[in-house]
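*Asks:* Provided herewith is a single structure, encoded as C-alpha cells, for subsequent inquiry.
The values are calculated or read from the model by the stated rules, or taken from the named source; none is laboratory data. Since we're looking at a predicted model, the values are computed, not measured. Glycine also receives a Cβ, built like all others from the backbone with ideal geometry; neighbour counts cover every protein chain displayed. What goes into the accessible areas is simple: the full protein's heavy atoms, side chains included, and nothing from ligands, DNA or RNA. Shrake-Rupley method; radii C 1.70, N 1.55, O 1.52, S 1.80 Å.
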Amino acid sequence: MSESSATIATVVKAVREDRLWQRHMEMASIGATGRGGVNRQALTPEDAEARLRLLAWAAMRGFSTSVDAIGNVFMHRAGKDSTASPVVAGSHLDTQPTGGNFDGVYGVLAAFEVLEAVADVGIVTNNPLEAVVWTNEEGARFQPTTMGSAVFASALPLETALATTDAAGISVAHALAETMQRLAIPQRRAFRFPMAAYLEAHIEQGPILEATHHTIGIVSGIQGLRWFRVEVTGEEAHAGTTPRRIRKDAFVAAICMVTALQGLMYDTADTVRFTVGRFEVTPNSPNTVPGRVLFTIDLRHPSAEVLSRLGDQVDAVCHAQAHGCSVVVTETLYSPPVEFDPAIRDLLKQAATRQALVHMDIVSGATHDAKYMADLCPSGMLFVPCRGGVSHNEAESATPSDLAAGTRVLAEVMLALASR
Ligand code: GLV
Ligand code: MN
Ligand code: MN
C-alpha cells in the first residue's frame, strides 16, 4: 500500500533542523583538532567513538543494528512487509587527517534524521528504512578510498582489504577487530544483501551550488578515478662527497616524474584533476641522498576515454624520468565514471520542485560509496552547498538550513521508494 502524499508531507515537516545540527556538532567534537575540524580516520578509536554515539542514538529510538565483515554498520527501522528489501541511505563517519565537520557525516545524519522523523510521526512504511555507515570511505589511512562499499559490492576482495596496512604497518584486519570489539553488534549482515534503493546526501565539496545560488544538486553521476602508487628506488649516498654524475637520487627522479606528469595532465579546460597527495622521502635526512621515494597519484575525469588515455601513460612517463633509479608504478584503484539511475534522479527532482527548493543537475567531482551501490540497485545522490566549495579542509562549512533542506528531499524520496 502506498503512503499518501499527505503522510509523506507530514514526515518531511517532521525533519528537525535543530536536531540534525545538534547531532553534527556532537560528531564534530569526536576527533576535534581544536582548529575547527576533525581527525577521525578510519578504524581509529575516534571512528569507533563516533559510531558508538550513533548506535546509542539508534538504541534510544529502537532501531535495530547490524554489521558486516568489513565493519559497515546498518541501522534498521522495520517496515510492514518483512520480506521487502530496505530503502537504504547513508555515507561515512571517517575523515581526512585534517577533515571538516560535514564530509560524510552529513549523509549518515541525514539518513538517520529521516528514520527519526518517520518514527516521530509514527508511521510504518511498507519497506524497511535503513541508515548505513560505510567503513573507510576516505582512504586516507588505508587505501583505497571507498573500501567498505567496495568490499560490500564485491568490487574488492575482503581478504585484500583486511591485509592492507597503514603507514605504521597496522592492518585493516587488526584495526577492524578492535573497532568491532568496541561496537559489539551481535547481528551480522551479508555482503550484497538486496536493497530496494540506495541514496546518499553529501555536501557538494565544490563551489558550483553556492556560486549559482542553488540549494540542491541532483547528482547525475560521479567522475572516474584512478589511483597509482609510484615507488622510486635509487641509492643512499653521502650528501657531501657523492658527485652528481654518480648519484641515484630518488627524490630528484620523483620530482622530474611529477613535473612531466603535470605537463601531460594539463588541459586548458581545467577538467582533468591530477593530485600528488602523498610524497614520502627515505631516509629523510638532510645529509643523505634520498634512496627511496613513494608518491601517490589521484587522477580524475568525467570521461572514461580521457581517463584511460591519460592514466595509461603514467607508467611510461615515470620510467622516462627515472634518472638511473628503478621505478615501480602500481594502479591501486580504477573507478570508472558512474551514472545514477534516471528514475531516482527524477524522484529527487520532483521532491525538490515540490518543496520549492532551487535545484540543478550536477556531476560529482568527489567520489562516493554510492558509486558501488549503483551496480547493485537503483541509486542516487543529492548535494547541498558548502561555503566557498571548501572541503578536505578543517574550514569546511555548511548551513543548518541547507543541511535540513537536503534531508527533507531525502525524506520525501526515501518514503516514496519505501511505499511502493
Ligand atoms: C573522497 O573523499 C574523494 O576522494 O573523492
Ligand atoms: Mn565524503
Ligand atoms: Mn572525503
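*Asks:* Net charge around Arg16, counting only other residues with Cβ within less than 12 Å of its Cβ (Lys, Arg = +1; Asp, Glu = -1)? Could the numbers behind the result be given before it?
*Replies:* On the way: positive: Lys13, Arg19, Arg23, Arg408; negative: Glu17, Asp18, Glu113, Glu116, Asp120.
The answer is -1.
*Asks:* Continuing with the same structure: I need the peptides 249-259, 61-71, 324-334 ranked by packing, meaning the mean over residues of other C-beta atoms within 10 angstrom, with the highest value on top.
*Replies:* Output ranking for 249-259, 61-71, 324-334: 249-259, 61-71, 324-334.
*Asks:* May I pose another question? Considering only protein heavy atoms, what is the solvent-accessible area of Val413 at a probe of 1.4 Å, reported in Å² to the nearest 10?
*Replies:* Answer for Val413: close to 0 Å² accessible.
*Asks:* Springs between alpha-carbon pairs under 10 angstrom, Gaussian network model over the chain: which of Arg23, Arg245, Arg309 fluctuates most?
*Replies:* Of Arg23, Arg245, Arg309, the most mobile in the Gaussian network model is Arg245.
*Asks:* Rounded to two decimals, what ratio of Rg to Rh does segment 67-213 give with C-alpha atoms and a Kirkwood Rh?
*Replies:* Working: Rg = 16.4 Å, Rh = 16.5 Å.
Over the Cα atoms of segment 67-213, Rg/Rh equals 1.00.
*Asks:* Once both axes come from the Cα atoms, what is the angle between helix 400-417 and the longest principal axis of the chain, in degrees from 0 to 90, rounded to 10?
*Replies:* 70 degrees
*Asks:* Shifting gears a bit: Using a 1.4 angstrom probe on the protein heavy atoms only, line up Ser401, Ser419 by accessible area, largest first.
*Replies:* So the residues, ranked largest to smallest area, are Ser401, Ser419.
*Asks:* Choose one answer from Tyr266, Tyr198, Tyr106: the residue with the largest mean-square fluctuation in a GNM of the chain with alpha-carbon springs under 10 Å.
*Replies:* The residue with the greatest mean-square fluctuation here is Tyr266.
*Asks:* Under the √(5λ) rule applied to the eigenvalues of the Cα gyration tensor, what semi-axes describe the equivalent ellipsoid of segment 162-305? Give them in Å, descending.
*Replies:* 39, 28, 13
*Asks:* Across every pair of different alpha-carbon atoms, what Kirkwood hydrodynamic radius in Å does the chain reach?
*Replies:* The Cα-based Kirkwood calculation yields 22.4 Å.
*Asks:* What percent of all Cα-Cα pairs in segment 1-76 falls in each 10 Å bin, counting up from 0?
*Replies:* 15, 35, 32, 14, 3, 0
*Asks:* What nm value, rounded to one decimal, do you get for the distance between Ala316 and Ile170 when each label is placed 7 Å out toward the C-beta?
*Replies:* 4.2 nm
*Asks:* How would you rank 86-93, 285-292, 368-375, highest first, on the average number of other Cβ atoms within 10 Å across their residues?
*Replies:* Top to bottom by mean Cβ count within 10 Å: 86-93, 368-375, 285-292.
*Asks:* When the Kirkwood hydrodynamic radius is evaluated over all pairs of different C-alpha atoms of segment 289-330, what value in angstrom, to one decimal, is obtained?
*Replies:* Roughly 11.9 Å, rounded to one decimal.
*Asks:* With the cut-off at 18 Å, report for segment 249-346 the share of all Cα pairs above it, as a whole percent.
*Replies:* Every Cα pair in segment 249-346 considered, those over 18 Å come to 53 percent.
*Asks:* For all pairs of alpha-carbon atoms in segment 57-98, what percent lies in each bin of width 10 Å, listed from the first bin to the last filled one?
*Replies:* Calculated over all Cα pairs of segment 57-98, the distribution is 21, 48, 24, 5, 1 percent.
*Asks:* Moving to a separate point now. Just how much of Trp57 is accessible, in Å², when a 1.4 Å probe is used and the result is rounded to the nearest 10?
*Replies:* Rounded to the nearest 10, the figure is 10 Å².
*Asks:* If a/c stays under 1.5 just call it rounded; otherwise compare a/b with b/c (prolate if a/b is bigger, oblate if not). Do that for segment 183-238, with a ≥ b ≥ c from the square roots of the Cα gyration tensor eigenvalues.
*Replies:* It comes out oblate by the Cα gyration axes.
*Asks:* Additional query: Round to the nearest 10 and give me the degree value, 0 to 90, for the angle of helix 342-354's Cα axis relative to the longest principal axis of the chain.
*Replies:* Taking the Cα atoms of the chain, the angle to 342-354 is about 60 degrees.
*Asks:* While we're looking at this one, here's another question. Name the most mobile residue of Asp81, Asp267, Asp298, meaning the one with the largest mean-square fluctuation, in a Gaussian network model of the chain with Cα contacts below 10 Å.
*Replies:* Checking each option, the largest mean-square fluctuation is seen for Asp267.
*Asks:* If Lys and Arg each add +1 and Asp and Glu each add -1, what is the summed charge of the other residues whose beta carbon sits under 10 Å from the beta carbon of Thr330? Could the numbers behind the result be given before it?
*Replies:* Details: positive: Arg229; negative: Glu231, Asp315, Glu331.
Charge balance in the 10 Å sphere: -2.
*Asks:* Right, here's the next one. Would you please give the residues with an amide H less than 5 Å from that of Ser220, counting only those at least 5 places away or on a separate chain, with H modeled from the backbone geometry?
*Replies:* Placed amide hydrogens put Ile362, Val363, Ser364 under 5 Å from Ser220.
*Asks:* Largest first, what is the accessible-area ranking of Glu339, Glu200, Glu49 with a 1.4 Å probe?
*Replies:* On the way: Glu339 145, Glu200 0, Glu49 75 Å².
Reading off the accessible areas and sorting them downward yields Glu339, Glu49, Glu200.
*Asks:* Which aspartates and glutamates does Lys349 reach when only Cα atoms under 15 Å apart count, and residues fewer than 8 places away in its own chain are ignored?
*Replies:* Here the aspartates and glutamates satisfying the reach criterion relative to Lys349 are Glu200, Asp341, Asp361, Glu412.
*Asks:* Hey, another quick one. Using θ = phi - 60° and the Karplus form 6.51 cos²θ - 1.76 cosθ + 1.60, what ³J(HN,Hα) does each residue of segment 38-55 get, whole Hz, x for Gly and Pro?
*Replies:* 9, 10, 10, 6, 4, 6, 8, x, 5, 4, 4, 5, 5, 5, 5, 4, 5, 4
*Asks:* Ranked from the most accessible area to the least, with a 1.4 Å probe and all protein chains present, what is the order of Leu43, Leu376? Each step should come with its number before you reach the end.
*Replies:* Details: Leu43 10, Leu376 60 Å².
Reading off the accessible areas and sorting them downward yields Leu376, Leu43.
*Asks:* How large are Rg and Dmax for segment 120-194 when calculated on the C-alpha trace, in angstrom?
*Replies:* Every Cα atom of segment 120-194 included, Rg and Dmax give 15.1, 49 Å.
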